[in-house]
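Everything on this sheet refers to the single structure shown next.
The values are calculated or read from the model by the stated rules, or taken from the named source; none is laboratory data. These figures come from a predicted structure and were not determined experimentally. As a convention, Cβ positions derive from the backbone with ideal geometry for all residues, glycine included, and neighbour counts pool all protein chains shown. Keep in mind that these areas ignore ligands, DNA and RNA; they rest on the heavy atoms of the full protein, side chains included. Shrake-Rupley method; radii C 1.70, N 1.55, O 1.52, S 1.80 Å.
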Amino acid sequence: MLEQFAALAQGFAVAASPENFLLMLVGILLGVVIGVLPGLGGANGIAILLPLTFSMNPTSAIIMLSCIYWGALFGGAITSILFNIPGEPWSVATTFDGYPLAQQGKAGTALTAAFTASFVGALLAVLLITFMAPLVATFALRFGPPEFFSVYLLTFCAFIGMNRGAALKTVASMMIGFGLAAVGLDTVTGRLRLTFGFTEMLKGFDFLIAVIGLFGIGEILLTMEEGLSFRGSKARLSLRVVLETWRELPRYWLSSLRSAAVGCLMGIVPGGATPASFMAYGVAKRFSPDSDRFGRGQVEGVVAPETAAHAAGTTALLPMMALGVPGSPTAAVLLGGLLIWGLQPGPLLFVEQKDFVWGLIASMYLGNLTGLLVVLSGVPLFAAILRVPFAIIAPVILIICAVGAYTVHNSVFDIYLMFGFGIVGYVFKKLNYPLAPLVLALVLGDRAEDSFRQSMLLSQGNLGIFFDSGIAAVLTTLAIVLLVWPLVSTLLPRARRAAAQ
Amino acid sequence: MTTPEEDHRSAVSYWTMEVVVAIVLLLLGALVMFDAARIGARWSDDGPQAGYFPFYVGLILCAVSIVTLVGSLRRTVLQGHSFVSTGQLQLIMKLLLPFAVYIAVLKLLGIYVASAIFIAYFMLRLGDFPRWLTAIVPAGTVVVLFLLFERWFKVPLPKGPLESLLGLG
């Protein structure tokens, strides 16, 4: 325990250095702007900026990029409440009560509640990370290829299990990701796969390009389709409103705690933030004494999803660092960053890169506090961004996406790819094919395959190896349960009904 | 006359898109399986061959696409649902076509010149801006872009004839 505090103190020293603090501020500001702008979100915003950090010190780079993430999480709430446009999928639940509040002229209250709730959610999640990270790391030291494969399996099965409405499309989307990940040189045998003789395909598909296209271009096409009119409420935040709201907020402490717990749990289990926000909203509604007023402008209805989303978004970084398994597309992009900076995510990261890990954790505390202050003071400014005419914003965002795609490998071909991914993103989004599994499969595909093949080499082709060790057995079983759960839960009531007749 | 936004006629039905995408994914899965089989998708003495993993990925993709396809074919109600209306499609094309032209010429003109033209085009076409603004915004954006990438981050972006004329390339 004492050791952790020493490490954290050291981390604060790293994170609070003037240079890193400046980067933190830049990151938060950029993040909020990214969160507010249509077509730029946490995942693709970070993907675009990632190449610019290649030459930076990894600790400074991760501090800036993770702060962009926090900023984007805060920014998403601004558009949800003022414009009824969820900036990120996990802000959807915030619009249910946030927008009605804004229409009643209580935008200030809703924004203050959302920001404060986000901060509380993140804070509780960081506390959890601070104490859990070393434990997870020691635990993860016992991981071999079979255990790693079980974790990947769990990640993918969790995704399928969580998207109960569209399990088939989730699988399809995931398989496309795996397929794309397999393109190029096979690392084990050195054979070319799925390149069909095109030299451009040799190096495979970079997931950063996919993220920029799918989330960036796809999103802006969807925005364009809506007719580009942002009809928003006036944004003003006076100190009086902030203080009044803060006086009111402690009333919802139980709801906050519940939401944070939901968020933390769902963040560690991959696929979390979006279901977490909906779940927290549902739970808050069920337990609230005035549940019938939910959806018509209830402050608690803003607090619950925001707390959960921020908690989930934050805890998603824990499995990313400790196991190399990202819980969200944004965490996946950060994972990509780690690999590019030459850091191997996994338990050893906690031993060999103490400054990096604890600097990041310390920056989560500082970054979220800074973020809260920045958004509370800057709302009118950020809301004004959406009043810039779309005829200027749209081409600028498209140019930023193109430049971002180019800088990943200094290749113009990647811009063409991004364009293709953009159209796929638009069509998939409209047909309800989830995009997150595609990105995660693309990121993890090679690693999952490698760990699978290494396990098979170890066991000489016996699949039983995934049940040999305790950890692997638990993880694999859990994965299978999650996978078949949607099937069982749809078939069981039917069977019961049939039996009753 | 109706403005594009008011044109709510369906350009493509949801059903058609659902079916087309399922067929495309089915073909994609088949393609993956075919290529995987070519490089060997069996189990050799030293573990799975290079095509083993992709083969099953392709197989699963084919399987779920067939189920989606059959499911959609039966849900003909979706024929009445619009995937995208004519007006929406026109709006999207207003954005997508210039963007396609932009990325097609950016290698030739360099990213800076192409970007300036791209923004100026949008401002002229979609907005109602004063002349001076239409000149300043694109130029300003490109200068900022240039300073940011070439000077600050030292990441060179594709340049064209204008830059070499100015001695910046």
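For residues that are touching a Lys or Arg at 6+ places or on another chain (Cβ under 9 Å) and either open to solvent by 30 Å² or more (accessible area, probe 1.4 Å) or of a type in the set (S, T, N, Q) (or both), tally how many sit in the range B:151-169.
2
Write out, first by first residue and then by second, each pair whose Cβ atoms fall under 8 Å of each other, whose residues are 6+ apart or on separate chains, and whose first residue, in the range A:400-426, is under 15 Å from residue B:149 (Cβ atoms) and open to solvent by 20 Å² or more (accessible area, probe 1.4 Å) while the second is assigned to a helix (DSSP H, G or I) and among the acidic types (Asp, Glu).
Going by the 8 Å Cβ cut-off, the qualifying pairs are A:406/A:414.
Here are A:489, A:469, A:451, A:459: which of them is farther than 28 Å from residue B:82 by Cβ, in contact with a Pro (Cβ under 9 Å, 6 or more places away or on another chain), away from chain B (no Cβ under 12 Å) and surrounded by fewer than 23 Cβ atoms within 10 Å (Cβ to Cβ)?
Of A:489, A:469, A:451, A:459, the one residue that is farther than 28 Å from residue B:82 by Cβ, in contact with a Pro (Cβ under 9 Å, 6 or more places away or on another chain), away from chain B (no Cβ under 12 Å) and surrounded by fewer than 23 Cβ atoms within 10 Å (Cβ to Cβ) is A:469.
Would you list the helices (runs of 4 or more DSSP H) that sit entirely within the range A:81-184 and hold 1 or more residues that are under 30 Å from residue A:465 (Cα atoms) and more than 18 Å from the chain's Cα centre (by Cα)?
Per the criteria, A:107-140, A:145-162, A:167-182.
Inspect the range B:89-100 for any residue being open to solvent by 20 Å² or more (accessible area, probe 1.4 Å), within 19 Å of residue A:448 (Cα to Cα) and more than 10 Å from chain A (Cβ to nearest Cβ) and give the result as yes or no.
No: the range B:89-100 contains no residue that is open to solvent by 20 Å² or more (accessible area, probe 1.4 Å), within 19 Å of residue A:448 (Cα to Cα) and more than 10 Å from chain A (Cβ to nearest Cβ).
Any idea which residue in the range A:405-422 is farthest from the other protein chains (Cβ to nearest Cβ), counting only those that are in contact with a Leu (Cβ under 8 Å, 6 or more places away or on another chain) and at pLDDT 90 or above?
Filtering the range A:405-422 for residues that are in contact with a Leu (Cβ under 8 Å, 6 or more places away or on another chain) and at pLDDT 90 or above, the one farthest from the other protein chains (Cβ to nearest Cβ) comes out as A:421.
Can you name the condition, by its number, that residue B:53 falls short on among (1) buried (at least 16 other Cβ atoms within 10 Å of the Cβ); (2) part of a helix (DSSP H, G or I); (3) within 25 Å of the chain's Cα centre (by Cα)?
All conditions pass for residue B:53, except number (3).
Tell me whether the range A:155-167 contains one or more residues that are under 17 Å from residue B:24 (Cβ atoms) and either at the interface with chain B (Cβ under 10 Å from one of its Cβ atoms) or open to solvent by less than 20 Å² (accessible area, probe 1.4 Å) (or both).
Looking through the range A:155-167, none of the residues is under 17 Å from residue B:24 (Cβ atoms) and either at the interface with chain B (Cβ under 10 Å from one of its Cβ atoms) or open to solvent by less than 20 Å² (accessible area, probe 1.4 Å) (or both).
Residue check: is residue A:355 more than 12 Å from chain B (Cβ to nearest Cβ), closer than 28 Å to residue A:325 by Cβ, within 24 Å of the chain's Cα centre (by Cα) and acidic (Asp, Glu)?
The answer is yes for residue A:355.
I'm trying to understand the selection: among the residues of the range A:187-201, which are under 13 Å from residue B:35 (Cα atoms) and either facing chain B (nearest Cβ under 9 Å) or touching a helix residue (DSSP H, G or I) at 6+ places or on another chain (Cβ under 8 Å) (or both)?
A:191, A:192, A:193, A:194, A:195, A:196
So which residues in the range B:67-88 are open to solvent by 70 Å² or more (accessible area, probe 1.4 Å) and within 10 Å of chain A (Cβ to nearest Cβ)?
Across the range B:67-88, the qualifying residue is only B:67.
Would you confirm whether any residue within the range A:384-397 is among the hydrophobic types (A, V, I, L, M, F, W, C), open to solvent by 40 Å² or more (accessible area, probe 1.4 Å) and more than 12 Å from chain B (Cβ to nearest Cβ)?
Yes: one or more hits.
Okay, residues lined up against (1) among the hydrophobic types (A, V, I, L, M, F, W, C); (2) surrounded by fewer than 23 Cβ atoms within 10 Å (Cβ to Cβ); (3) on the phi < 0 side of the Ramachandran plot; (4) at pLDDT 90 or above:
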residue: A:6; (1), (2), (3), (4): yes, yes, yes, no
residue: A:9; (1), (2), (3), (4): yes, yes, yes, no
residue: A:14; (1), (2), (3), (4): yes, yes, yes, no
residue: A:27; (1), (2), (3), (4): no, no, yes, yes
residue: A:34; (1), (2), (3), (4): yes, no, yes, no
residue: A:39; (1), (2), (3), (4): no, no, no, no
residue: A:51; (1), (2), (3), (4): no, yes, yes, no
residue: A:64; (1), (2), (3), (4): yes, no, yes, yes
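Identify, by number, the condition in (1) modelled with pLDDT of 85 or more; (2) out of contact with any Ser or Thr (no Cβ under 6 Å at 6 or more places or on another chain); (3) aromatic (Phe, Trp, Tyr) that residue A:356 doesn't meet.
(2)
When you go through (1) part of a helix (DSSP H, G or I); (2) without any contact (Cβ under 8 Å) to a residue 24 or more places away in the chain; (3) open to solvent by 40 Å² or more (accessible area, probe 1.4 Å) one by one for residue B:129, which number turns out not to apply?
Of the numbered conditions (1) part of a helix (DSSP H, G or I); (2) without any contact (Cβ under 8 Å) to a residue 24 or more places away in the chain; (3) open to solvent by 40 Å² or more (accessible area, probe 1.4 Å), the odd one out for residue B:129 is (1).
Just the residues that are open to solvent by less than 30 Å² (accessible area, probe 1.4 Å) and farther than 20 Å from residue A:156 by Cα, please, taken from the range A:176-219.
If the condition is that a residue be open to solvent by less than 30 Å² (accessible area, probe 1.4 Å) and farther than 20 Å from residue A:156 by Cα, then A:184, A:186, A:193, A:194, A:195, A:204, A:209, A:212, A:213, A:216, A:217, A:218 are the ones that fit.
Name the pairs whose Cβ atoms lie under 6 Å apart, with the first residue in the range B:43-62 and at negative phi and within 8 Å of chain A (Cβ to nearest Cβ), the second among the acidic types (Asp, Glu) and not in a loop (DSSP other than H, G, I, E, B), and 6 or more positions between them or separate chains?
B:53/A:449
Pull out all pairs, ordered by first then second residue, where Cβ-Cβ is under 8 Å, the residues are six or more apart or on different chains, the first lies in the range A:430-446 and is within 14 Å of another protein chain (Cβ to nearest Cβ) and open to solvent by 20 Å² or more (accessible area, probe 1.4 Å), and the second is in a helix (DSSP H, G or I) and of a type in the set (D, E, K, R).
A:432/A:169; A:434/A:169
Can you list the helices (runs of 4 or more DSSP H) lying wholly within the range A:293-396 that have 3 or more residues being within 27 Å of residue A:55 (Cβ to Cβ)? Full working, then the answer.
On the way: elements: A:300-315, A:317-323, A:329-340, A:347-352, A:354-385.
Helices (runs of 4 or more DSSP H) meeting the threshold: A:317-323, A:329-340, A:347-352, A:354-385.
Report yes if residue B:125 is among the basic types (Lys, Arg) and more than 11 Å from chain A (Cβ to nearest Cβ), otherwise no.
no
Which pairs turn up if I take residues in the range B:90-113 that are closer than 13 Å to residue A:394 by Cα and in contact (Cβ under 8 Å) with a residue 24 or more places away in the chain and look for partners that are open to solvent by less than 30 Å² (accessible area, probe 1.4 Å) and not in a helix (DSSP H, G or I) with beta carbon separation below 9 Å, at least 6 apart in sequence or on another chain?
Pairs that qualify, where the first residue is closer than 13 Å to residue A:394 by Cα and in contact (Cβ under 8 Å) with a residue 24 or more places away in the chain and the partner is open to solvent by less than 30 Å² (accessible area, probe 1.4 Å) and not in a helix (DSSP H, G or I), are B:91/A:227.
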